[in-house]
Structures are given as structure tokens and as C-alpha cells.
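To start, the structure itself, in C-alpha cells.
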Amino acid sequence: MIANFAAARLGSLRGQLMRWLLVPLLILVAVDAVSVYYNALEVADIAYDRSLLASTRALAERVSVVNGQVVADVPYVALDSFETDTLGRIYYKVTGVRGEFVSGYDDLPPLPADVKRSEAYPALVRFYQADYHEQPVRIAALYQPVYDDTMRGIALIQVGETMDARRGMTRKILFDTMWRQGVLVTVAALLVWFAVRFVLRPLMQLRSDVESRAPTDLSGFDPDRVHKEMRPLVLAMNGYMERLQTLITGQRRFIADASHQLRTPLTVLKTQAELALREFDRAPRDPRALHELHGLRELVESIAGTTDSTVHLANRLLTLARAEHGAAEGGVVPVSLTDAARQAALELAQNAVAKRIDLAFDAVGDILIDGSPLLLHELVVNLLDNAIRYTPAAGKITVRVFRENIGEHACAVLEVEDSGAGILAADRERVFAPFYRAPSAQLANPHGAGLGMTIVRDIASAHGGEIILADGADHQGLLVKVRFPASGK
């Protein structure tokens, strides 16, 4: 659970690299966009304030004193030119030296007291923003000296324009900048994606090599094929596989030794029990000792039966241990499934004859698969042995080998069909568990080990095969179908 959580938390290496590179870049772009926006506002204000000041100065030149009164001579042509130059709506107001309204829009927002003079221009001008007729406007307030022979003072000339042109310029600067940055980020993302893909190519190749390895191939990987930062990982993998190879070699040696150590004393015990039974048969029939001899014979027969069961269990356990290692000592070679099935049928034919079972063999051509000859022989022997054990006397067993096409793939198929009690559908998945025996199997053979189908499953899995359990002909008995990938040779 912890490993799954860690894997889910880590996610994709490519995705993490992309996020660590692109997310900070996007944050920088967002920060830069804010900076560009305010810079654009400042640039627009500087440009349009200069034009607004020029309009204010042009208007101030037409303000004069006539007969002791401040007057403003503002023709419509001048206002039209102002409006055309600034691309906005123009408002103006002229205030006399005594604060009286002279000309223009008398409700134009007044100059706030806290507005400082602009240091960018030598004129006595102040810029401020206000709302006029529910529209934001930018206003330039210029103090203009006026005088004649009768009076002297300073008039206030205010010229305001709407903010549409400024905001339009700001948006244009911002959009142009963001468009270019968007293209830059997109190109950077593509370059990063291709760069990450290129950089991770050796790692992806290593993954493909690991996935394509045969289960028995524990040779090391070349650390020079990956980047310097990944070489310690490859070296650690190689060290782990060396330790694993040592462990498997030790287990195989133990299996071979255990096979010899178990089979030899059991075989001796079985032989001694059979000799004891023969001696009982040869012993003189003394009526007085008949009862004691009968009891001893039953005891020896029980020992012989238990020995047979123990030998059978030991053989199955050793076979299961070999099957768990996959394709064992013989390696993976093209194997004739037809010959393996035929040889197993010949070996167990005597057991079938002893129970008067009709054992039939049906094969279409020589069907090859890639695998271990020893393990495939064990698979067929286990299937046939189970069929003979659980098929009643005078029954029938059929072994078939044929080729089957599933889509574009060719498969080699082994079928063993018997006329025994079969296996209930509810138990067909459970029979592959070690030491599990279906109720019908326990009735037919009380001394079974419960490992036959487990061995068959492990050997089939080691060869890329699958097992299907179904009813036999006329819904009687059991049909075991094992499907293998056909050999390419």
C-alpha cells in the first residue's frame, strides 16, 4: 500500500520535469504581464500627457485680458483639431484671476489641493484624474500669467480628455507583449517536451530491455547506456540480480539434493513394505497365528499405502518448486507439444489399463512451442495422472493436440478430457490453489495431494499459456484446455 501511494504521489518523471520547468515560467510570465501592464499605463500617460499639455498651452495662448476682464478666444476649429489629435473627447475650462468662470465647461472637476506640479515639464502644470459625466478623464491644469495695463494675475486653464485612447494604447501594448510571450512559452514548452523526451530516451530503452527480458535471464545491464546520474541505479539492479541468481542457484541445488534425499529413503521403505507383504503371502497358514498375521498384514499394507502417498506428495512438491522457477535447467527451446503429450500417454498407459480406462490420443501434425521440455512433460503427466486417478473404471480419457488461430495469433492447444465426476463450476478457480481439493476429488481419491492443478497452472504461466476448465462431452467429466503461444520456428 505504501509503495502504491508513493508511486501515485511521484507520478510521471516526464510530467514532473515539465511542471518544474513550465510552471515557474508561467508564473514569471504572469508577473511580467503585470509589470508590462503598469509600464504600458506609464508610457501611455507620458505620451498622452504631452499631447494634453500641448492642447492646454494652445488654449492658454488664446487667453488674454480685455478691459480688465479675462477672456478666452477658443474657436471651434481649434477644438476639432485637439479632438482629432488626441482621439478622445475634449473638455476645457478657463478660470479668471479672481476664480471666476470664463469659458468652457463650468462643472469640470476642480484641481485637488494635494496634486503636485509635474516635474517632467517646466510649465506650471498639474495632471490629475477624475470622473466627469460618469467617464474617467485625465485633466491638465496649467497656471497661465495674464496681464494688461490695468491688471495682472494668473489664470487657470484646464483641459481634460477621456481615457479611452490611453486604455486602448495600454491594451494594445499589453496584448502585443502577451501574444509574443505566449508564442515564446508555447515554443519553450515544445522544446522542453522534445528535450525531456530525448534526454529520457536511454531510460525508456532500459525499461524496454527490462520488459523484454526472459524470466530466466538475470544478466546485468550496461551502465554506460544511461546517464551518469542513473548509473548507480543500474549498478544496484545488476547487484540485485547477481544476488538473486545466487539465491536461485542455491534453491535449485537444494531441490536436487532434497529430491535425492527424499526419494531414496521413501523408495527403500516402499520396497521393504512390498517385501514384507510377499513374506506374508509365503508364510505357512497356521490357524492359531492367522489372526495376528492378518492384523500385521493390514498394518504393512497401510504403511505401503502411506508411503505411496508420501512419494506422490514429494514428487509433486519438487515438481512445483521447479515450476515456480519458470523454464528450468534445460532452458527455453522449441519443444514438440505433440511428442510431449504422446510420451506422457505412453508412460501412464499401464495405469489406465489397470483401471480398464480407454486412453485415446489424437494429434494433428507436429505442434511446436517454446519452452522447457522437462516442465512441459511434467504438465502433461500431471493432467493425465489426475484424469486417470479421478476417472472411474471402464471410463474414457482423450488427449488432443492441435493448432488454433485466435485473431492473428497462432496457438498450440493441449486438451485432456475424461469421463469422471468433473469439477463444479464454483470450484474451478479454487482448484488451482495449493492443497485445495474439491469435494468430488476427495471422494474419488482420498489420498490425493491437491497440487496437480497448481503445478499445471505454474508451468503454463511460465510458458505464457492459459488454462480453461470446462465440462466434458455431453456435460459429463472434465475438459482441461491449455493454450500456448505457438513457436515461431
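Quick notes on this one:
- In order along the stretch 363-371, the phi-based Karplus estimate (6.51 cos²θ - 1.76 cosθ + 1.60, θ = phi - 60°) of 3J(HN,Hα) comes to 9, 10, x, 9, 9, 9, 9, 8, x Hz; Gly and Pro are listed as x.
- For the pair the stretch 31-50 and the stretch 229-243, the centres of their Cα atoms are 58 angstrom apart.
- Applied to the stretch 180-191, the Karplus parametrisation 6.51 cos²θ - 1.76 cosθ + 1.60 on θ = phi - 60° returns per-residue 3J(HN,Hα) values of 5, 5, x, 4, 5, 5, 4, 4, 5, 4, 5, 4 Hz, with x for Gly and Pro.
- Amide hydrogen proximity for residue 105: with H placed 1.01 Å from N in the peptide plane, the residues at 5 or more positions away or on another chain lying under 5 Å are 92, 93, 94.
- Using a probe radius of 1.4 angstrom, the carbon and sulfur fraction of the accessible surface of the stretch 327-437 is 55%.
- For the stretch 44-55, putting each phi into the Karplus relation 6.51 cos²θ - 1.76 cosθ + 1.60 with θ = phi - 60° gives couplings of 4, 5, 5, 5, 7, 5, 4, 5, 5, 5, 4, 5 Hz, in residue order, rounded to whole numbers and with x for Gly and Pro.
- Counting charges near residue 107 (Lys, Arg +1; Asp, Glu -1) among other residues having Cβ under 14 Å from its Cβ returns a value of -2.
- For the stretch 93-188, the list of trypsin sites (Lys or Arg not before Pro) that fall in a loop by DSSP and count at most 11 other C-beta atoms within 10 angstrom reads 98, 116.
- Ordering 196, 165, 183 by the projection of their Cα atoms onto the charge dipole of the stretch 156-202, which places +1 on the Cβ of Lys and Arg and -1 on the Cβ of Asp and Glu, puts 196 at the extreme positive end.
The values are calculated or read from the model by the stated rules, or taken from the named source; none is laboratory data. Note that the structure is a prediction, hence the values are computed from the model and not measured. With ideal geometry, Cβ positions are generated from the backbone for all residues, glycine too; neighbour counts draw on all protein chains shown. The area values use the complete protein model at the heavy-atom level, side chains included, leaving out ligands, DNA and RNA. Shrake-Rupley method; radii C 1.70, N 1.55, O 1.52, S 1.80 Å.
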